[in-house]
Amino acid sequence: MFGQVRILNHQRGLWFRDGNFYRLLTPGKYRLWSRLLPGERTKIEIVDTLTTRFEHPLLDILVKEPALRDELTVVDINDGQRAFVWKDDRLEAIYGPGRYALWNEPFDIRVEVHEIEQFRFSHPRSDAIVAHKDASRWLAGLDVEPYEQVVLFRDREPETILGPGRHLYFKNVGRVTWKTIDRREQIADVAGQEIMTRDKVTLRVNMIVSYVVTDVMKAVSQVKDHAQALYREAQLALRAAVSTRTLDALLTEKEAVTNDVAETLSKRVAEFGLAVHNVGLRDVILPGEMKTILNQVIEAEKQAQANLIRRREETAAARSQANTAKLLAENPMLARMKELEALSDIINGSKATFIFGSGELTEQVRSLVSSGTKDES
C-alpha cells in the first residue's frame, strides 16, 4: 500500500512505526509503502515549527534522536535556574525547572539561563522582561524613589540596601520582605503630655522635632519602628527637662529647656540611626485655675512696672526743675532771658500795646497781669 505525505517548509514529520519513533521527515514530498503485517501500524505526525516550543508526550525519548536533536535547542533547567527565551530578539517565554525543546527555525532563538541563588536579577532589558506576561510568576520587584532607600530582607536577615531605581529579584528563593526608609527631613509632632514641674504644677507641653535617617540599616534593625522610637524618646527627654524646673523657670527659660531636650534626644536616637535637626516647644498649656492665677500675677507685675516708670518720670521731672531753678539763681542773665520768653508767651497773639517805664521788668509785668485779672472780675 502506497501513501503520499507532503511536509511544508515550516513543518516536520515524525514517523512512528508500532509506536516507536522511526524517522524524521524534513520538508518535501514522500511516497510511503507499508506492508500491513499483523500488529504493524504506521503513523506520521506533522508538527509546526512556527510554534517555537516543541511539546510531545515522548519528548524525553525524541530529543535523543540525532536527526531530531539537530533541529532543536534543548534546554534542561534545574530547580535553581530560570531560562529566558528570546525569539528574534523579543522575549518569548520565561521557563522554570524542566526540559524544553525549541525549534531552531524559522526564528532566531537565543536562551539565557540564570542562577536564582544570585537572588537579585539584573538585566539590560529589564523593562521588557517585567512587561512579559510570565514575569510575575518568576520575578518580583519594587521601584525606589530618589529620596528613599530600601532594606531588603531574605529569610528575615538583611540582604542588601537598595538605592533609587527599579530592582528585581527571583521568587521562591526564601521569604523576601523589605522596609522602605524616607531619607527626607521628617517632622514629629509630640502631642501634649501631662508633666509636673519641680514646684508641683501640672501642665501639658507640645513639642516639634525635625530629624533625618542617617543610617538606614540601624533604623530598621535596632528598633521596630524608628519614628515611634523617636517619639517615645522625645517624650522622656521632655519630661526629664521639665520636671527639674519650676514653672517660672520653664516659662522664662524655654530656650534652655529646648537645648536640654535636643542634647538628650540626639544622643539617644543616634543609637538607632537618626539625627535630630531641630527641637521646638510649641505650646505650654496650664490648668484653668493656674492660668487665672498666672494672669493675675502678670497683671500685678505689669501694674507695678507702670507705677515704677511713672515714679521715675516724676522724679526725673522734679530733678530737672530743681536743676533749672538752681541754674537760674546762679545766672541772672539767663533768668532775664527766661522772663522775656515768658513775656513772649503771655502777649503772643495779643493786639494790645504795652509801655513799660523804668524799674524791674518782672514787677511791671506782674502788676500788669494783676490789674488785668481785677478788671475781668
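For every residue, the table says whether it meets (1) of a type outside the set (D, E, K, R); (2) within 22 Å of residue 170 (Cα to Cα); (3) part of a helix (DSSP H, G or I).
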site: 64; (1), (2), (3): no, no, no
site: 68; (1), (2), (3): yes, no, yes
site: 75; (1), (2), (3): yes, yes, no
site: 79; (1), (2), (3): no, yes, no
site: 82; (1), (2), (3): no, yes, no
site: 85; (1), (2), (3): yes, yes, no
site: 93; (1), (2), (3): yes, yes, no
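Kindly evaluate residue 194 against the criterion of being out of contact with any helix residue (DSSP H, G or I) (no Cβ under 7 Å at 6 or more places or on another chain), of a type outside the set (A, V, I, L, M) and without any contact (Cβ under 8 Å) to a residue 60 or more places away in the chain. Spell out how you get there, then give the answer.
On the way: out of contact with any helix residue (DSSP H, G or I) (no Cβ under 7 Å at 6 or more places or on another chain): yes; of a type outside the set (A, V, I, L, M): yes; without any contact (Cβ under 8 Å) to a residue 60 or more places away in the chain: yes.
Here the answer is yes, as residue 194 does meet what is asked.
Against the definition (modelled with pLDDT under 75 and over 30 Å from residue 193 (Cα atoms)), how does residue 377 come out, yes or no?
Values: modelled with pLDDT under 75: yes; over 30 Å from residue 193 (Cα atoms): yes.
Considered against the rule, which asks whether it is modelled with pLDDT under 75 and over 30 Å from residue 193 (Cα atoms), residue 377 comes out as yes.
Tell me which strands (runs of 3 or more DSSP E) are completely within segment 124-198 and hold 2 or more residues being at pLDDT 90 or above and under 19 Å from residue 273 (Cα atoms), or say none if there are none. Talk me through it step by step, then tell me what you get.
On the way: elements: 139-144, 148-154, 157-162, 165-170, 176-182, 186-196.
In segment 124-198, the matching strands (runs of 3 or more DSSP E) lie at 148-154, 157-162, 176-182, 186-196.
Tell me, yes or no, whether segment 259-278 has at least one residue that is surrounded by 10 or more Cβ atoms within 10 Å (Cβ to Cβ), touching a Lys or Arg at 6+ places or on another chain (Cβ under 7 Å) and at pLDDT 75 or above.
Initially, segment 259-278 is screened for residues surrounded by 10 or more Cβ atoms within 10 Å (Cβ to Cβ), giving 259-278.
From what is left, the residues that are touching a Lys or Arg at 6+ places or on another chain (Cβ under 7 Å) are 272-273.
Next, from what is left, pick out any that are at pLDDT 75 or above: 272-273.
There is at least one residue in segment 259-278 that is surrounded by 10 or more Cβ atoms within 10 Å (Cβ to Cβ), touching a Lys or Arg at 6+ places or on another chain (Cβ under 7 Å) and at pLDDT 75 or above.
Limited to segment 223-245, what total is found for residues that are in a loop (DSSP other than H, G, I, E, B) and either surrounded by 15 or more Cβ atoms within 10 Å (Cβ to Cβ) or under 19 Å from the mean Cα position of the chain (by Cα) (or both)?
The first filter runs over segment 223-245 and keeps only residues in a loop (DSSP other than H, G, I, E, B), leaving 223-225, 244-245.
Retained after the next criterion (residues that are either surrounded by 15 or more Cβ atoms within 10 Å (Cβ to Cβ) or under 19 Å from the mean Cα position of the chain (by Cα) (or both)): 223-225, 245.
Final tally of qualifying residues: 4.
Are any residues in segment 191-222 among the β-branched types (Val, Ile, Thr) and over 18 Å from the mean Cα position of the chain (by Cα), and if so, which ones? Step through it out loud before you land on a result.
Of the residues in segment 191-222, the ones among the β-branched types (Val, Ile, Thr) are 195, 197, 201-202, 205, 208-209, 212-214, 216, 220.
If the condition is that a residue be among the β-branched types (Val, Ile, Thr) and over 18 Å from the mean Cα position of the chain (by Cα), then 195, 197, 201, 202, 205 are the ones that fit.
Which of the residues spanning segment 117-133 are over 15 Å from residue 167 (Cβ atoms) and buried (at least 17 other Cβ atoms within 10 Å of the Cβ)? Lay out the reasoning, then the answer.
Of the residues in segment 117-133, the ones over 15 Å from residue 167 (Cβ atoms) are 117, 125, 128, 131-133.
Scanning segment 117-133 gives a single hit, 132.
Within segment 141-154, can one find any residue that is more than 30 Å from residue 245 (Cα to Cα), touching a residue at least 60 places away in the same chain (Cβ under 8 Å) and in contact with a Gly (Cβ under 7 Å, 6 or more places away or on another chain)?
If we filter segment 141-154 for residues that are more than 30 Å from residue 245 (Cα to Cα), which is where we start, we get 141-154.
If we keep only those that are touching a residue at least 60 places away in the same chain (Cβ under 8 Å) as well, we get 149, 151.
So of that shortlist, the ones also in contact with a Gly (Cβ under 7 Å, 6 or more places away or on another chain) come out as 149.
Yes, some residue in segment 141-154 is more than 30 Å from residue 245 (Cα to Cα), touching a residue at least 60 places away in the same chain (Cβ under 8 Å) and in contact with a Gly (Cβ under 7 Å, 6 or more places away or on another chain).
The values are calculated or read from the model by the stated rules, or taken from the named source; none is laboratory data. These figures come from a predicted structure and were not determined experimentally. With ideal geometry, Cβ positions are generated from the backbone for all residues, glycine too; neighbour counts draw on all protein chains shown.
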